[in-house]
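The values are calculated or read from the model by the stated rules, or taken from the named source; none is laboratory data. All values reported here derive from a predicted model rather than from experimental measurement. Here the Cβ positions follow ideal geometry from the backbone for every residue, glycine too, while neighbour counts run over all protein chains shown.
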Amino acid sequence: MKIATYNVNGINARLPVVLRWLKESKPDVVCLQELKSPDEKIPKSEIEEAGYKAIWHGQKRWNGVAILAKENIEIQEMSRGLEGEPEDEQSRYIEAVINDTVIGCLYMPNGNPAPGPKFEYKMRWFARFSKRAKELLDHNVPVVLTGDYNVMPTEKDVYKPERWVDDALFRPEVREAFHHLVAQGWTDAIRKLYPEETIYTFWDYFRNAYGRNAGHRIDHFLLSPHLSDRLKAAGVDKDVRGWEKSSDHAPVWIELKD
């Protein structure tokens, strides 16, 4: 099974790119982030014409998450959002069961400027997500937690790390929270297969970042112990970032043995 994650940075604005990528890459399951669309304007018919069914939790500005699955794959929604902050109405998490595997699709808050209220919200959201991750591990079932974590875990994951020491994606508190999350028992899929390589998933629109390969690795796959040994391949469809009117992220994918 091939599972992908892609921060599309606006599903309607990037729809031709998304549909082209789906046709060429043919993932079985796709997690999308930053839909930037209310529920009623999600392009459901176009997604279905591409051969996928979908569940989503939309939001007009900035947020929104979705999980797509090929037509022959059953998808059952489990939950939307995270417990622990009832007044939080941002659409940043959706969870489903696909082929007896729990798929969690997340869009972690950016947190900038840091310090400040946005950074404090990011850390609270991270704590709530970590709590949910631990609950899923305790259920002792196969789980994939993937999406835009807005975290650069190590210096290998950012171009010129010395320039990012005060950024909310690279601050020590955030990196430590990510490491504590992984230490629950999760496997970072990209790092398992490519422990030392410089691999990026995001390139800013400004300063020719993509042309200079001045990127970050902020889109991650975490696998529960049931799936770690089934990991067969992983990669980044970097060329998609260079397509006309593409997102500032590139799709990231893994393949699991049956």
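I want to confirm something. Restricting to segment 224-258 and keeping residues that are part of a strand (DSSP E or B) and under 16 Å from the mean Cα position of the chain (by Cα), which single residue is farthest from TRP186 (Cα to Cα)? So that I can check it myself, show each step before the final result.
So in segment 224-258, the residues part of a strand (DSSP E or B) come out as 231-236, 249, 252-256.
Adding the requirement that they be under 16 Å from the mean Cα position of the chain (by Cα) leaves 234-236, 249, 252-255.
Working: ALA234: 16, GLY235: 18, VAL236: 20, HIS249: 23, VAL252: 18, TRP253: 17, ILE254: 15, GLU255: 17 Å.
Within segment 224-258, the match that is farthest from TRP186 (Cα to Cα) is HIS249.
Between LEU227, LEU223, LEU181, LEU193, which is in contact with a helix residue (DSSP H, G or I) (Cβ under 6 Å, 6 or more places away or on another chain) and more than 19 Å from TYR6 (Cα to Cα)? Even if it seems obvious, please write down each step before you answer.
On the way: LEU227 fails: in contact with a helix residue (DSSP H, G or I) (Cβ under 6 Å, 6 or more places away or on another chain); LEU223 fails: more than 19 Å from TYR6 (Cα to Cα); LEU193 fails: in contact with a helix residue (DSSP H, G or I) (Cβ under 6 Å, 6 or more places away or on another chain).
From the options LEU227, LEU223, LEU181, LEU193, the qualifying one is LEU181.
Can you find even one residue in segment 171-178 that is under 25 Å from GLY242 (Cα atoms) and in contact (Cβ under 8 Å) with a residue 12 or more places away in the chain? So that I can check it myself, show each step before the final result.
Of all residues in segment 171-178, those under 25 Å from GLY242 (Cα atoms) come to none.
No, every residue in segment 171-178 fails to be under 25 Å from GLY242 (Cα atoms) and in contact (Cβ under 8 Å) with a residue 12 or more places away in the chain.
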List pairs: first residue in segment 239-255 and under 14 Å from LYS26 (Cα atoms) and surrounded by 22 or more Cβ atoms within 10 Å (Cβ to Cβ), second residue among the β-branched types (Val, Ile, Thr) and modelled with pLDDT under 95 anywhere in the structure, Cβ distance under 9 angstrom, at least six positions apart or on different chains. none
Output for Cβ contacts, cut-off 6 Å, separation at least six or different chains, first residue within 24 Å of GLU34 (Cβ to Cβ) in segment 136-157, second outside any strand (DSSP E or B) and among the charged types (D, E, K, R), reads PRO153/ARG175; ASP157/ARG217
Residue check, GLY81 against (1) within 23 Å of THR5 (Cβ to Cβ); (2) among the small types (Gly, Ala, Ser); (3) touching a residue at least 40 places away in the same chain (Cβ under 8 Å), all met but one. Which one? (3)
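Which one is farthest from PRO142 (Cα to Cα) among residues in segment 200-221 that are part of a helix (DSSP H, G or I) and among the small types (Gly, Ala, Ser)?
Taking segment 200-221 as the starting set, the residues that turn out to be part of a helix (DSSP H, G or I) are 209-212.
Subset that is among the small types (Gly, Ala, Ser): 209, 211.
Numbers: ALA209: 37, GLY211: 38 Å.
Selected residue: GLY211.
Sort out which residues of segment 180-199 are β-branched (Val, Ile, Thr) and assigned to a loop (DSSP other than H, G, I, E, B), and write them in order of number.
Step one: list which residues in segment 180-199 are β-branched (Val, Ile, Thr), which gives 182, 187, 190, 198-199.
Matches in segment 180-199: THR198, ILE199.
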Tally, over segment 124-162, of residues that are within 17 Å of the chain's Cα centre (by Cα) and polar (S, T, N, Q): 3
If you check every pair at least six apart or on different chains, which have Cβ atoms under 7 Å apart with a residue in segment 196-209 that is within 13 Å of ASN7 (Cα to Cα) first and a residue that is among the β-branched types (Val, Ile, Thr) and part of a loop (DSSP other than H, G, I, E, B) second? THR201/ILE218; PHE202/ILE218
In segment 37-62, which residue that is of a type in the set (A, V, I, L, M, F, W, C) and at pLDDT 95 or above is surrounded by the fewest Cβ atoms within 10 Å (Cβ to Cβ)? ALA54
